[in-house]
1. Would you please calculate the Kirkwood hydrodynamic radius of the stretch 222-299 over all C-alpha pairs and express it in Å, rounded to one decimal?
2. Kirkwood Rh over alpha-carbon pairs of the stretch 44-142, then Stokes-Einstein at 37 °C and 0.692 mPa s: what D in µm² s⁻¹, rounded to an integer?
3. Over all pairs of distinct alpha carbons, what does the Kirkwood formula give as the hydrodynamic radius of the stretch 251-364, in Å?
4. Explain nothing, just the number: dipole magnitude of the chain about its Cα centre with +1 on each Lys and Arg Cβ and -1 on each Asp and Glu Cβ, in debye rounded to the nearest 20.
5. For the chain, find the longest principal axis of its Cα atoms and tell me its angle to the long axis of helix 176-200, 0 to 90°, nearest 10.
6. Sorted by mean Cβ packing within 10 Å, highest first, what order do the peptides 37-49, 323-335 take?
7. Using alpha carbons only, how many degrees (0 to 90, rounded to 10) separate the axis of helix 103-117 from the longest principal axis of the chain?
8. Can you show me the helix-derived [θ] at 222 nm for the chain, built from DSSP H runs with n ≥ 4 at -39,500 (n - 2.57) apiece and divided by the number of residues, rounded to the nearest 500.
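Just so it is clear, none of the values below were taken in a lab; they were calculated from the coordinates. Computed from a predicted structure; not experimentally measured. Neighbour counts are summed over all protein chains in view; Cβ atoms, including those assigned to glycine, are modelled from backbone coordinates with ideal geometry.
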Amino acid sequence: MASMYDSDSDSKPVNEEGDHPWKEAINKGYGTTGLSKMRLRALPKAFIQPPEKRSSSMIRASSQASGDTIPIIDMSKAEAAELICEAAEKWGFFQVINHGVPAVLMSDVMHAARRFLGQAAEEKRRFLKENTSCSNVVYMTSFFAEAEKGLEWSDYLSMNFVSEEEAYAFWPAISKDATIEYLKSSNTLIKRVLKILMNKLNANELDETNQTRRIQFNYYPISPTPDLSVGVRSHSDVSLLTVLLQDDVGGLHVRREIDSKGDEWVQVKPVAESLVINIGDFLEIMSNGIYKSVEHCVVSNGNIDRMSIPIFVGLQNSPTIGPLPEVLATGKKAEYKEVVFSDYIKYFLNKPLDGKSTLKLAKI
Ligand SMILES: O=C(O)CCC(=O)C(=O)O
Ligand SMILES: [Fe+2]
């Protein structure tokens, strides 16, 4: 069934009061993708960010004073391990090339995501929280639509990997083969990076059976007024680490503290066939702050849409999370306390994305 959200025409006028039926758009699976297709002249009120949350103004306000860029690390070189640890300490973000994930699988999963996201709302709405037949596969708009002051101008499909059997049974048929292949292939890279990071801490390798993988298709449609909207608000990831495949549009920005001069926002410029890796909150806590889980955000774009595919490498529901004993054995004072793991997750999930506010829960 065709609808106004599927139309490419300008025929639907904008309600000048901002009283747009955005809720209906979300609840019926059209999402911001459908709103964007209506070629609105103004952003629906619900998506206007409060001035202090507008990433475009934050980024403009902090010029890239240092001129530094996110490290690009060639994983086929002998010095890769050292550079990864250095980047994890200094930046919390780096890009890897020659990482072993075949380019064809990266391109296949990007196409798979486009196929899913490009479908009519009728297909996508089957995966909304209230409709999905598997709670591990959910299609959403914004991170926490119920409580956010300004919704994020993005739609995404989140797939929590539990088993191949479940993934083949419940992930969208239009994209599942390529997604599962890519996820499997990326595992070797994930294991290698985690091993390198643990080695540097003199800590034992992390048990893979105690880890989780969640893959997400993020879609950022064209925004009518990109200065007022945001793709993803500033946040740090609740993960051990995140491996992100982005297309060639750009828009991901990382916050960097420069000692006395305050901070700056640095763009993670797309590099062909690379993957972006960032440290998440769990590794910052476990490493007692040696590795940094850094704030990042995605700006909206008024000219072109964007896609990205993160894999969040997480932890199973272990009882608590805190600094690793191996790290504290060096005699360093604990910067983080042991917190109940489920409390940490619950706290993260029940509020809008807001900088590093979740991490503060564990900070001493
Ligand atoms: O789209 C991106 O570049 C980053 C998305 C992100 O930060 C996230 O999904 O946590
Ligand atoms: Fe993120």
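1. On the way: mean 1/r = 0.0728 Å⁻¹.
Over the stretch 222-299, the inverse of the mean reciprocal pair distance is 13.7 Å.
2. Working: Rh = 18.2 Å.
Translational D for this selection: 181 µm²/s.
3. On the way: mean 1/r = 0.0617 Å⁻¹.
Hydrodynamic radius (Kirkwood, Cα pairs) of the stretch 251-364 is 16.2 Å.
4. Values: 42 positive and 48 negative charges, 91 e Å.
Charge dipole, the chain, about its Cα centre: 440 debye, nearest 20.
5. Rounded to the nearest ten degrees, it is 30.
6. Numbers: 37-49: 19.4, 323-335: 13.3.
Those peptides, ordered most packed to least, come out 37-49, 323-335.
7. For helix 103-117, the angle is close to 40 degrees.
8. On the way: 11 runs with 101 residues, N = 364.
Calculated mean residue ellipticity at 222 nm is -8000 deg cm²/dmol.
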